[in-house]
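Have a look at the structure below, then the notes.
Every number here is computed from the coordinates shown, using simple stated rules; none is lab data. Predicted, not measured: the structure shown is a model, and the values here were computed from it. So basically every Cβ, Gly included, is an ideal-geometry build from the backbone, and we count neighbours across all protein chains shown.
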Amino acid sequence: MRTLILGALLAAPLSAQTFGSISAGGAQFDLSGTGTAFVADARVVHFINRNVAVEGGLALSPVSEQFREVTYLLPSAELQVGTTIRDAIRPYLGAGLGAFFPISDDGTPTRGFVNFDPTAEAALTLSAGVDAGVTDSVILRVTGRLRGTLGEGPDVFVGTFAELTGGLGVRIN
């Protein structure tokens with residue numbers, strides 16, 4: 001059965017399209033404290049074929065944690081599997097890796113032109129979304145994404161960040 005599914009995914013006609021998108025929305029977090037926050041996201045998705053895509057992105061979210069105000073820089077890379085409905089709507093599921101990079105304004109060690117907190121953590125990302133074609137070169141995007149840290153042990157940061165964003169993408173190739 002797995003061979004049949006994998007064959008169907010990889011046999012789809014090659015589309016070789018790349019889109020860049022900007023999205024914004026809200027997030028619910030359980031980091032050092034819990035709450036909700038604004039999140040902005042820039043992403044690039046490359047469709048390997050009609051069913052498989054790779055996507056990289058960078059999100060930014062200011063968060064009020066238990067002991068401080070901090071902005072998180074949230075890079076991620078995902079593999080997505082989806083299907084195309086009526087040549088215009090593409091629901092998908094994705095999984096990948098990312099990171100939580102706290103950028104604080106409270107005097108933490110500085111690297112370059114921003115203050116990076118040294119407690120960055122690797123993260124697993126899971127996503128579900130829909131891309132809807134407006135034209136051949138413009139898509140509307142709605143994405144739900146869950147990010148969870150991969151750390152273990154009593155001294156390791158463990159947290160989740162669930163976001164729902166919507167935005168606009170344009171074809172760049």
In a shell of Cβ-Cβ distance under 15 Å around I139, excluding I139 itself, what net charge do Lys and Arg (+1) and Asp and Glu (-1) give?
+1
For L168, put the label point 7 Å out on the Cα→Cβ axis and report which residues of the range 49-74 keep their amide N under 14 Å from it.
none
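What ranking do 81-89, 38-46, 60-68 get when scored by the average of other Cβ atoms within 10 Å per residue, highest first?
Highest mean packing first, the order is 38-46, 60-68, 81-89.
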Consider just the alpha-carbon atoms of the range 59-103 and return their Rg together with their Dmax, both in angstrom.
15.9, 50
Going 7 Å from the Cα of L126 toward and past its Cβ, which residues in the range 40-78 have a backbone nitrogen under 16 Å from where you end up?
78
